[in-house]
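Note sheet for the following structure.
The values are calculated or read from the model by the stated rules, or taken from the named source; none is laboratory data. Worth saying up front: this structure is predicted, and the values here are computed from it rather than measured. Glycine also receives a Cβ, built like all others from the backbone with ideal geometry; neighbour counts cover every protein chain displayed. With ligands, DNA and RNA removed, areas are computed over all heavy atoms of the protein, side chains included. Shrake-Rupley method; radii C 1.70, N 1.55, O 1.52, S 1.80 Å.
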Amino acid sequence: MDYKVRTRVRQIVVEDKIPVDSQITILGLTRTVRISKNVAFIEINDGSCMTSIQTVIPEPEKFPVLDKILTGAAVRVKGKLVTSQGKGQKYEVAVESLDLIGEAGADYPLQKKRHSFEFLREIAHLRPRTNTFGAVNRVRSRLAYAIHKYYQDRGFYYIHTPVITASDCEGAGDLFRVTTFDLDAVPKKEGKIDWESDFFATEAYLTVSGQLEGELLATALGDIYTFGPTFRAENSNTTRHASEFWMIEPEMAWAELDDNMHLAEDFLKYLFRFALEDCSDDIDFFNKWIDKELIATLEGCIKFEFERISYTDAIKLLEKSSEKFEFPVKWGIDLQTEHERYLTEKVFKKPVIVFDYPLDIKAFYMRVSDDWKTVRAMDVLVPRVGEIIGGSQREERLDVLKEHLKRKGITDLEPFGWYFDIRKWGTMPHAGFGLGFDRAVMYITGMANIRDVQPFPRVPRWAKF
Ligand code: 4AD
Ligand code: MG
């Protein structure tokens, strides 16, 4: 078979690289099939881009196979690329041969009509064949490329941090356990579970963040980033939480909180610009069907500086507002989605970086301020999605780090040995953050639910496919 000689629809309609009159082969799935006496039209989508290509069969009676080609069939068309006579497309294919490669019956679920996203989640194995999910997956792929390009062009090294780990980076306890124990016969020693005899001879988990290992590498290599899956067993059923999600974690040696904020803003703007330029046909689709303000919003994000406001000033703004918040506002609370949205959507109408959070609500590794009330933390909040980035300057002073852990009630310091060592020998200021990749894709596509930007989402009570 000569499948390799195919022309991708993208080369024709997006890149405009194929001259009229070329002999081409198109391989794809049929979207619509219309047959009349004198002519038949088959619209084929090959997934390379949003647009389907129209193929025209002038004498349908010469193609008896047409009777068996319904929506969703896999077909091969050979013919000549011609300028389209019809409206709405520049090119079409004058068909010379037509083969049915894989039949689809009338029970194919994706008939030409609009389906709800809820329904499509149930058939996540088929939904990439729809316009919306084709676009989501293409944009995800291009953004992943852009992320590597951004950091590689700036001298950051890509680090693979372990997926299986014995430490809880965020200290939030939302961990998925990894074990090879037979759950019906867990070995015990003196009444307690004998982790010594488990696979890793210790309790092990799926990582919630590659940050701690990222710090080790940054202090050696300078600037690094990670980009990989992370796992959180939070039982939160929201549109923005997934149990498995991808995170990008840059970590810079010789950097303070200001450098971190600068990197976060520059990086996000780069991604927005990249999406608008590189994925314009898919973004146009989202702008038309998902969020009519999408392009204007992204352009605004690029043009204007992100607002920077301390947590303390943000609390003052929230206290002054006449909004009825479900969670009462006072200094020391963790900002809830409603507070974050108020700041980004009502007050500033653009991305906001909130920094210097109360020490008590943040993780042990963040750099402590002189008064021991706040830490040098920062969250980047965006309209609609809320927190998209969380980061901080790290505590590089060993004595302060130990004191901070003590005040947090963490008494078993043994597991932190290696984390202490990079402070014990040649310590230096360093800072970094984590961007939730899936939330970034939500923001860039306008999609409202994290379940609809991941090909196969994992959320509480759902691990199908
Ligand atoms: O704020 P988080 O928990 O920060 C960290 O994990 C740090 N160790 C990062 C660092 O400094 N290197 O998570 C970072 C980001 C959040 O801002 C959010 O975008 C995303 O990860 N995130 C989630 N995305 C989807 N589902 C979840 N359950 C998420 N939890 C966090
Ligand atoms: Mg956070």
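Candidates are the residues of segment 233-265 that are in a helix (DSSP H, G or I) and within 18 Å of the chain's Cα centre (by Cα); the one that is farthest from ligand 1 (Cβ to nearest atom) is E265. Residues in segment 401-435 that are of a type in the set (S, T, N, Q) and within 30 Å of I147 (Cβ to Cβ): 1 in all. Within segment 147-174, the residues that satisfy the criterion of being of a type outside the set (G, A, S), touching a strand residue (DSSP E or B) at 6+ places or on another chain (Cβ under 8 Å) and open to solvent by 40 Å² or more (accessible area, probe 1.4 Å) are H148, Q152, R154, Y157, Y158, H160, V163, I164, D168. Is one or more of the residues making up segment 199-207 free of Cβ contacts under 8 Å to residues at least 12 places away in the same chain and touching a Phe, Trp or Tyr at 6+ places or on another chain (Cβ under 9 Å)? There is at least one residue in segment 199-207 that is free of Cβ contacts under 8 Å to residues at least 12 places away in the same chain and touching a Phe, Trp or Tyr at 6+ places or on another chain (Cβ under 9 Å). Restricting attention to segment 382-394, and to residues there that are open to solvent by less than 10 Å² (accessible area, probe 1.4 Å) and within 9 Å of ligand 1 (Cβ to nearest atom), which single residue is farthest from D360 (Cα to Cα)? So, considering only residues that are open to solvent by less than 10 Å² (accessible area, probe 1.4 Å) and within 9 Å of ligand 1 (Cβ to nearest atom), the one farthest from D360 (Cα to Cα) is V385. The number of residues in segment 291-324 being under 21 Å from E387 (Cβ atoms) and either modelled with pLDDT under 95 or β-branched (V, I, T) (or both) comes to 7. For segment 357-379, the count of residues that are closer than 18 Å to A218 by Cβ, of a type outside the set (K, R), out of contact with any Phe, Trp or Tyr (no Cβ under 8 Å at 6 or more places or on another chain) and part of a helix (DSSP H, G or I) is zero. Checking each residue in segment 280-297 for being surrounded by 16 or more Cβ atoms within 10 Å (Cβ to Cβ) and either among the small types (G, A, S) or in a helix (DSSP H, G or I) (or both) picks out D282, I283, F285, F286, N287, L294, I295, T297. P162 meets all of the listed conditions (1) out of contact with any Phe, Trp or Tyr (no Cβ under 9 Å at 6 or more places or on another chain); (2) modelled with pLDDT of 95 or more; (3) closer than 20 Å to N235 by Cα but one, namely (3). Of note, R154 does not satisfy the criterion of being touching a helix residue (DSSP H, G or I) at 6+ places or on another chain (Cβ under 6 Å), at pLDDT 95 or above and not aromatic (F, W, Y). All of (1) within 16 Å of ligand 1 (Cβ to nearest atom); (2) part of a loop (DSSP other than H, G, I, E, B) hold for L216 with one exception: (2).
Just to be sure before I move on: is R451 under 17 Å from A124 (Cα atoms), within 12 Å of the chain's Cα centre (by Cα), within 15 Å of ligand 1 (Cβ to nearest atom) and not aliphatic (A, V, I, L, M) in the structure I sent? Yes.
With respect to the stated conditions, L401 is aliphatic (A, V, I, L, M), more than 10 Å from ligand 1 (Cβ to nearest atom) and free of Cβ contacts under 8 Å to residues at least 40 places away in the same chain. Scoring R384 on the criteria (1) of a type in the set (K, R); (2) modelled with pLDDT under 95; (3) within 16 Å of ligand 2 (Cβ to nearest atom) leaves a single failure, condition (3).
Here K188, K192 are screened, and the one residue that is away from ligand 1 (no atom under 13 Å from the Cβ), of a type in the set (K, R), closer than 20 Å to D412 by Cβ and free of Cβ contacts under 8 Å to residues at least 60 places away in the same chain is K192.
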